[in-house]
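The values are calculated or read from the model by the stated rules, or taken from the named source; none is laboratory data. Everything quoted here is computed from the prediction, not taken from an experiment. Note: accessible area is taken over every heavy atom of the protein model, side chains too, but ligands, DNA and RNA are not part of it. Shrake-Rupley method; radii C 1.70, N 1.55, O 1.52, S 1.80 Å.
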Amino acid sequence: MFEEGSKGRIRNDVLICRGMNRILFEKDEINPDGSVTFSDVRAEHVLGILHGEVGQILKTGEVDGLCGNSEIIAIDGKSVTVKTNHDKESLKP
């Protein structure tokens with residue numbers, strides 16, 4: 001998936017916006033406690049490109065929703081679990 005707009009690009013559910021990465025989640029991926037576990041291309045990006053470690057803070061957001069930060073709370077092989085804190089309005093194109 002690749003889309004381009006005035007605020008940035010979306011490629012494989014990673015929003016690339018003005019030189020920063022934001023990992024995106026669908027609403028139904030976020031558990032009631034705010035945690036998300038993922039093991040797809042986003043996890044590959046976090047582990048391989050961002051060199052993710054437990055305790056690291058990532059820029060994240062919800063597709064068509066709020067954005068903010070998430071803390072990596074667990075890494076299990078190729079899976080990453082984060083605790084989200086999405087409390088900011090997304091920029092609208």
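For Arg42, the requirement of being at pLDDT below 90 and among the basic types (Lys, Arg) is not met. The set of residues from region 79-93 being assigned to a loop (DSSP other than H, G, I, E, B) and either open to solvent by less than 70 Å² (accessible area, probe 1.4 Å) or modelled with pLDDT of 95 or more (or both) comprises just one member, Ser90.
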